[in-house]
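Data first, discussion second: the structure below is written as structure tokens.
What follows is calculated from the coordinates using simple rules that are stated; it is not laboratory data. Source: prediction; values computed, not measured. All Cβ positions, even for glycine, are placed from backbone atoms using ideal geometry, and neighbour counts span all protein chains on display.
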Amino acid sequence: MGLSQTLTEGSSSLAATVWYRSVMNDMLPARGKRFYGASNIRAGAWVASVGFVFAGCPDQLDLSEYERIDPGSTAAMQVVIAAGRFADIDDVTHEIAEFLLDRTEVTVEQYEACVDLGSCSAPPSAFMYSDMNPNFNYGAPNRELHPINGVDWFDAEAYCNWAERRLPTEWEWEWAARGRNEGNTYPWGDTPEPNCNVAVMDDLVMGAGCGLNATNPVGSKSPLGDSPDGVQDLSGNVAEWTSSASIYVPTSRIVRGGSWGYNSAIYFNVAFPSDYDSMGRDDNTGFRCARASSP
């Protein structure tokens, strides 16, 4: 089976790399078998193919190509967020250039690949503490597809750099979460209020993590909790590091989005920022990556 095919739309031709996990696992060394891929290339949102550089990948395989993939596909690893402008809660206008944003939060499995290759530091795991804290996902069984948590800002930045991406700014994050010019209160719209149909949260009835007392696998509230562009879990599951520094505490960075352990609606509001020490680690915070849409 071929690994790539060319898609044509209008006068432009797009080389789309189609990855199959079974093929990639045969080609990659044991410590690099972390690659999930796509079949069923069809009409949908422009996204970037997942791009990690593993030792042993053939030179001719270009991991930076773009694919046209249904936004409902798990293969849609990055989504294009169109350019625009908006006024924040303080009525300050922000100009946003077009950029690419990870469709999901970075998972334990994805982060572990970076650790295995020596480019990232291992965060605290569920087994590093005397109380066997179950809320750190790294090293916990059956959490491969949960978002990585327990990472500080430097860990998040290192991973995104390794993946040839970067952390989004807080204004890029808000622009994507508000549905760009739609100006939504929450990624899914102005209503409903946060609940377990749309967000992984501390629900007053179901409990923390919508009853799991932990994070959930990424995308578990899709499509109801998705942004208009199809980005998943922007509010809920884990709050997310951004690249932006706090204007109040220079050593802190801005974190956006609600978490599995939060129950107040204000944390899920796309305009609500939190300052967090850059070296802070907790079980409520993770991240996703972004990059410019053109070099």
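Please report the net charge: other residues with Cβ closer than 13 Å to the Cβ of residue 180, K and R +1, D and E -1. Can you show the working numbers first?
Values: positive: 85, 178; negative: 95, 98, 172, 174, 182, 229.
Within the 13 Å Cβ shell, the charges total -4.
Relative to the current alpha-carbon distance between residue 279 and residue 263, full extension at 0.36 nm per residue lengthens the span by 3.3 nm. Site pair residue 212 and residue 154 shows an inter-label distance of 3.0 nm when each label is modelled 7 Å from Cα along Cα→Cβ. Between residue 161 and residue 85, full extension at 0.36 nm per residue minus the direct alpha carbon distance yields a gain of 24.7 nm. Between amide H atoms placed 1.01 Å from N, distances below 5 Å from residue 243 occur with 169, 170, all of them 5 or more places distant or on a separate chain. Provide the percentage of antiparallel DSSP beta bridges, counting only those with both residues in region 172-295; round to the nearest 5. Here the share of antiparallel DSSP bridges comes out near 85 percent. Remark: spin-label model distance residue 247-residue 224 equals 3.7 nm, labels positioned 7 Å along the Cα→Cβ axis.
Over all other residues within a Cβ to Cβ distance under 10 Å of residue 261, the charged ones net out to -3, with Lys and Arg as +1 and Asp and Glu as -1. Given their separation in residues at 0.36 nm each and the Cα-Cα distance between them, residue 125 and residue 191 gain 20.2 nm when the chain is fully extended.
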